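Okay, handing you the structure first.
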4 protein chains.
Amino acid sequence: MKVGIVGSTGLVGQQFIRLLSRHPYFEISELVASEESANKPYEDAVENKIRRIPEKVRKKSVSAIDDELDCRVIFSALPSKVAREAERDLVERGHIVLTNASAHRMESHVPLVIPEVNPDHIGLIEELDREDGEGFIVANPNCSVIQLAIALKPIHEKFGIKKIDVVTLQALSGAGYDGVGALEAADNVIPYIPNEEEKIKEEIPKLFGELNGGEINREKFRISSSCNRVNISDGHLENVSIELEEETSTSEVKKALEEFRGLPQDLPSSPETPIKFSEEKDRPQPRVDLGGDTPMSVHVGRLREDNILDYKFIVLGHNTIRGAAGASILNAELLYSKGLVQDQKVVSG
Amino acid sequence: MKVGIVGSTGLVGQQFIRLLSRHPYFEISELVASEESANKPYEDAVENKIRRIPEKVRKKSVSAIDDELDCRVIFSALPSKVAREAERDLVERGHIVLTNASAHRMESHVPLVIPEVNPDHIGLIEELDREDGEGFIVANPNCSVIQLAIALKPIHEKFGIKKIDVVTLQALSGAGYDGVGALEAADNVIPYIPNEEEKIKEEIPKLFGELNGGEINREKFRISSSCNRVNISDGHLENVSIELEEETSTSEVKKALEEFRGLPQDLPSSPETPIKFSEEKDRPQPRVDLGGDTPMSVHVGRLREDNILDYKFIVLGHNTIRGAAGASILNAELLYSKGLVQDQKVVSG
Amino acid sequence: MKVGIVGSTGLVGQQFIRLLSRHPYFEISELVASEESANKPYEDAVENKIRRIPEKVRKKSVSAIDDELDCRVIFSALPSKVAREAERDLVERGHIVLTNASAHRMESHVPLVIPEVNPDHIGLIEELDREDGEGFIVANPNCSVIQLAIALKPIHEKFGIKKIDVVTLQALSGAGYDGVGALEAADNVIPYIPNEEEKIKEEIPKLFGELNGGEINREKFRISSSCNRVNISDGHLENVSIELEEETSTSEVKKALEEFRGLPQDLPSSPETPIKFSEEKDRPQPRVDLGGDTPMSVHVGRLREDNILDYKFIVLGHNTIRGAAGASILNAELLYSKGLVQDQKVVSG
Amino acid sequence: MKVGIVGSTGLVGQQFIRLLSRHPYFEISELVASEESANKPYEDAVENKIRRIPEKVRKKSVSAIDDELDCRVIFSALPSKVAREAERDLVERGHIVLTNASAHRMESHVPLVIPEVNPDHIGLIEELDREDGEGFIVANPNCSVIQLAIALKPIHEKFGIKKIDVVTLQALSGAGYDGVGALEAADNVIPYIPNEEEKIKEEIPKLFGELNGGEINREKFRISSSCNRVNISDGHLENVSIELEEETSTSEVKKALEEFRGLPQDLPSSPETPIKFSEEKDRPQPRVDLGGDTPMSVHVGRLREDNILDYKFIVLGHNTIRGAAGASILNAELLYSKGLVQDQKVVSG
């Protein structure tokens, strides 16, 4: 199945390319970038080649977003400001947009999905009142939200979560190329990330909400979030504490985390297990536990009782793979496995 | 007044030297290091010259701890394991020990003091049942505790604190020279610091306790602490949230922080104000706000309401100055200003 | 004497402010920034507050460059592209421009000066055929050049240098705020800095050239330069090897370096000695040897014989102080001490 | 074929394990560590788990070096001081030692081999006067030497190299776990690495020497080497300039680099091509070009004419794979392919 990438020259765009260049279902047919890059070979359109560009797309000619695109499915790595209109426009032209941008996440007709957490929310698109030839959007949450939601899922399911307190230490790649200057980052911590705390507080309740009659209600959590940018290249690490509805024990919570299996354990991009639980006292750590063969797993460790809420632990995830490009691709695989991207209503032509 | 430094070749020892080399009250008469360094010139005894060594101590001959030391007052930068016995021994020999080591902090006869927080605890030493010729110990808290306690002090005084939740991002210098390997630190976060969470939970209640009949009771707080090592050279940054006894407002809490003045604002090492409050949305930051002219101030910013507890904010302090060597020196200045280091009971000879 | 700063909101602009805010001769009367910042308070005009802003300029209103500026002497921290026209225009309006920009450095009527290296080149401005009311430009070299030239000066004077091979490891602050993205820098080395190798090859010969009849000839060196960006905040470190005309010995070269005194050792910004020579086998190092009290000294160490050329050594300097803002200010002090900024021909009005 | 690893708990030891845990020829039968680790499960014997430990060796029991080892071939990641005696002893006990340690590299009866550079030096072991049941040592060069030698090989072969000037920027992992403290490395460059400059000057001539009658002579180069430690986790980058015997052109040198194929392009650990040549003006870069699928290739870029010698360029290699564990393994594969590890003379029993 042919797929395209809009925002293909940015950091997440390059990650999409890397992951899709050897995908069993999808084949990149369109690399879309800004007007001025159109018709250039991809490698000339990319200014910041921080990731290796796979050989086979280097010379591929870049399209502009207004070109007729030879694919139904589009992955979007657009910046949010541009995404608002551009993705809406792609939908009107009949495309299915799997987006990592935040622009449409909180809209009532857009499912916000993590296959391991709320795969049923995909059902929303079947209840949409789509025009002839119209496509739809499926969004994945923000990077700091995805890994948190996966860690919370089995605990919420078993014991009910009431309160969530999270303090994040987020990598530089989460800000894209131009998000943080090298000199701001060097030997420094920045205890603020624009809009990040808000995203956590908005997206978590939607993810755990119930789909009911074409509407997704919001799960009632009390959430406190504090976000810090630290000087590492990849990997968001989160200090999480939670209050539960039911009384339980550390060993029961641990068991829930370890035994958790997502619905889609057999999709091509599914990790072996959604959660890797670490027993060691000083783990997980970004440079040690990420990368390698398991970038789609979320790492949880240091589970212990908390003096204020009930339990606390560390969550670590690869922000540009599990938290961005890989998340959209996993969503596309979920749609594909359910036959939803082959949906004939979608594309007019 | 002559003073000595034990543990003088370590990281905090070097910081003591730097700060004392231009002090108005104190003059370094003894640099004490391990047996094998004795009688060497100081600069040859120091293996890791990470800080600049002031010209005037470079050639000074190093003493061993069992030598007769030509000073009543001793600053201790010993590692905790060594400190336990060595500091006790110095006290028996009549010395007044201002220690940064954790070994004796929680002992009932040792005042644990921050001049801006609990200067009255110094009174404990006058109630001690000291033998003839015996000295005493005054300890300062752990680096992560000092800056936290200073930020909490004016809030606790005005509104009463019930719960404290703190997640720290701590600099490499807090671990000393050999605490963390370069490769462990590089491009990484370590979500664990040995004993650090415990120290916060033990020391804060003692600092805010009441001195009463020769005993210091413990203030009743519920405290949750999570400690992370980040890859920066200096400066601990803390994400703090608190629950209060009295209802108030962000602006009232801010006012309390800004107007706070410690008792000893006129000691040589006192900062202009104990707390510098930052209005900017992304501050304080270690590389920007520390160093310079105000290493003894604690920086507070991002004060805002919290969804789970009542308020939250960021605290930043210079861990080897405000959080270690500078803290001991400020304690010595407090003793000096109260005439306690001139106390004739102290030294037998 | 009143002075202004153009390009005052950038990284070097902020360094100018910090250094001039406590200067014995100069007082900042004008902070000039782009059109859209005009009339704003300085602290609102600055987007990236990486350096602390001195209290007294925070609220100062920013001017636009076309405003009438209340000062004869202007320090320029403009980006080179803007500097070309803007500085020329300021000269026509009668200003004396002390520039850190590269735009005019190689022009025949612009003295390129380091007070310790070629103070006599200042004489060029007296031979200029200036129009009534016209000012002039004095430039300082590029950051990587200044520290190199200072280290070479005493050696060239005594033994004659024929060949210079330099491999630099340059700090992030040398690229300004937006020069390098945080993600490019993280855990990385970039073995290329645009135009940097060329600047070294052009500027060194002009600095060591002779002023003769209104012209500066070029000293004949063979120069090889290779420039690398490393992930440190401040400090350029250079691996230098040289071939000499005269035969000598390591100890003689060392003696020349240690005994070197610049002409202007008594200017306010002059370092105690232009060169600090280090005997230790692993020094100088940026984080250890820079900062503190001697940011205007250049550090030289690891002097030894070379197998290919004659000698090699390490040079280290603080790139935004000794290599930029401090260099312009030292030039201004030299002009001031020679009575050249009081020159009545300069300002028309 | 069964193999063992001595020094298996260190940084390079762990890299050996990672690479050998999925090797087509070799199977790890012995993990050897210090006396006090003997009989512990491997994961408990390792203190610094900076690399991921493959599942299948985690519980494997560790042997002591004096135990009878169930394998003829031993990979050595011992520290040099320990290696001197221990490797000699292993040889006497009949083992074939593939060592990354420097202890025996320069000994006349030890071949120092890079399969792409001097595979014929392996012949030396057939000329050794070995006792019954005695083994032998094959060493690989120092990490900074291997990548340099590979880049020089095709150039020397075609045009003859007379002089080599190299300035290195070396990663923290080159120093092992305890080589550099985190605080020494943070925001810093250390312009000195113990013994590194000497190793480059000694090992390069042996690698390019001729094996003749049981002796390896030394190629006559003039070499200048300067070594710097930079704050990156993996990857040594070298600024190299060379003088040639024959006149040629940049494009001819480039052609030689690009067309170079090592003898053993078909060994399991051989890179697709020994050298990857980069055309981009700011490459190769450690975080971008290393890792991924080609850790055994050496990256060369920025080839250009030099003002002092003839040509200069950048060389980059992965120091713990291509420069250490991978190098020993490639040597073992070369021996294996030549039938030399099956040699019956070797093991007595």
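For the range B:180-217: of the residues being of a type in the set (K, R) and in contact with a strand residue (DSSP E or B) (Cβ under 8 Å, 6 or more places away or on another chain), which is surrounded by the most Cβ atoms within 10 Å (Cβ to Cβ)?
B:K206
So, one more: Does at least one position in the range B:222-233 carry a residue that is polar (S, T, N, Q), more than 22 Å from A:E305 (Cα to Cα) and outside the structural domain of B:V117 (by TED's automatic domain parsing)?
There is at least one residue in the range B:222-233 that is polar (S, T, N, Q), more than 22 Å from A:E305 (Cα to Cα) and outside the structural domain of B:V117 (by TED's automatic domain parsing).
Given the conditions (1) touching a strand residue (DSSP E or B) at 6+ places or on another chain (Cβ under 7 Å); (2) under 20 Å from C:Y336 (Cα atoms); (3) not in a helix (DSSP H, G or I), report the number of the one that C:H23 does not fulfil.
Single failed check for C:H23: (1).
Does any residue of the range A:72-86 turn out to be surrounded by 21 or more Cβ atoms within 10 Å (Cβ to Cβ) and of a type in the set (D, E)?
Looking through the range A:72-86, none of the residues is surrounded by 21 or more Cβ atoms within 10 Å (Cβ to Cβ) and of a type in the set (D, E).
Okay, moving on. Just need a number here: residues in the range A:252-281 that are surrounded by 13 or more Cβ atoms within 10 Å (Cβ to Cβ) and closer than 26 Å to A:R304 by Cβ.
18
To keep it simple, each residue is scored yes or no on (1) on the phi > 0 side of the Ramachandran plot; (2) out of contact with any Ser or Thr (no Cβ under 9 Å at 6 or more places or on another chain); (3) not in a loop (DSSP other than H, G, I, E, B).
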site	(1), (2), (3)
B:V3	no, no, yes
B:Q14	no, no, yes
B:R18	no, yes, yes
B:I28	no, no, yes
B:V32	no, no, yes
B:D44	no, no, yes
B:K56	no, no, yes
B:D66	no, yes, no
B:L69	no, no, no
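Among the helices (runs of 4 or more DSSP H) contained in the range B:116-208, which hold 1 or more residues that are basic (K, R) and in the same structural domain as B:L263 (by TED's automatic domain parsing)?
B:143-159, B:196-207
Can you pull out every residue in the range A:265-288 that is at pLDDT 90 or above and under 19 Å from the mean Cα position of the chain (by Cα)?
A:L267, A:P268, A:S269, A:S270, A:P271, A:T273, A:P274, A:I275, A:K276, A:P286
For C:I74, indicate whether it is assigned by TED's automatic domain parsing to the domain that holds C:F16, outside any loop (DSSP other than H, G, I, E, B) and touching a His at 6+ places or on another chain (Cβ under 6 Å). Break it down into steps so the answer makes sense when it comes.
Details: assigned by TED's automatic domain parsing to the domain that holds C:F16: yes; outside any loop (DSSP other than H, G, I, E, B): yes; touching a His at 6+ places or on another chain (Cβ under 6 Å): yes.
Yes, satisfied.
Would you please name the residue that is modelled with the highest pLDDT, looking only at residues in the range D:219-264 that are within 30 Å of D:Y177 (Cβ to Cβ) and acidic (D, E)?
D:E238
Conditions (1) surrounded by 22 or more Cβ atoms within 10 Å (Cβ to Cβ); (2) out of contact with any Gly (no Cβ under 9 Å at 6 or more places or on another chain); (3) under 21 Å from D:E333 (Cα atoms); (4) not assigned by TED's automatic domain parsing to the domain that holds D:G292, marked per residue:
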{"position": "D:G7", "(1), (2), (3), (4)": "yes, no, yes, yes"}
{"position": "D:G13", "(1), (2), (3), (4)": "yes, no, yes, yes"}
{"position": "D:S21", "(1), (2), (3), (4)": "no, yes, yes, yes"}
{"position": "D:S29", "(1), (2), (3), (4)": "no, no, yes, yes"}
{"position": "D:A38", "(1), (2), (3), (4)": "no, yes, no, yes"}
{"position": "D:E47", "(1), (2), (3), (4)": "no, yes, no, yes"}
{"position": "D:E55", "(1), (2), (3), (4)": "no, yes, no, yes"}
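Does the range B:166-179 hold any residues that are within 7 Å of chain D (Cβ to nearest Cβ) and crowded, with 24+ Cβ neighbours inside 10 Å, and which are they?
B:L172, B:S173
For D:S269, only one of the following conditions fails: (1) touching a helix residue (DSSP H, G or I) at 6+ places or on another chain (Cβ under 7 Å); (2) of a type in the set (S, T, N, Q); (3) under 16 Å from D:L152 (Cβ atoms). What is its number?
(3)
Run C:K338 past the list (1) within 16 Å of the chain's Cα centre (by Cα); (2) surrounded by fewer than 23 Cβ atoms within 10 Å (Cβ to Cβ) and report the number of the one that doesn't hold.
Of (1) within 16 Å of the chain's Cα centre (by Cα); (2) surrounded by fewer than 23 Cβ atoms within 10 Å (Cβ to Cβ), only one is false for C:K338: (1).
Condition test on B:V288, is it under 30 Å from B:L183 (Cα atoms), free of Cβ contacts under 8 Å to residues at least 12 places away in the same chain and surrounded by 19 or more Cβ atoms within 10 Å (Cβ to Cβ)?
In short, yes.
Would it be correct to say that C:S233 is within 10 Å of chain D (Cβ to nearest Cβ), polar (S, T, N, Q) and either touching a residue at least 24 places away in the same chain (Cβ under 8 Å) or crowded, with 23+ Cβ neighbours inside 10 Å (or both)?
The answer is yes for C:S233.
Working only within the range D:171-192, note down all residues that are over 16 Å from C:P286 (Cα atoms) and in contact (Cβ under 8 Å) with a residue 12 or more places away in the chain.
If the condition is that a residue be over 16 Å from C:P286 (Cα atoms) and in contact (Cβ under 8 Å) with a residue 12 or more places away in the chain, then D:A171, D:L172, D:S173, D:G174, D:A175, D:G176, D:Y177 are the ones that fit.
The values are calculated or read from the model by the stated rules, or taken from the named source; none is laboratory data. Note that the structure is predicted; figures quoted are calculated from it, not measured. Note that each Cβ is placed from the backbone with ideal geometry, even for glycine, and that neighbours are counted across all protein chains shown.
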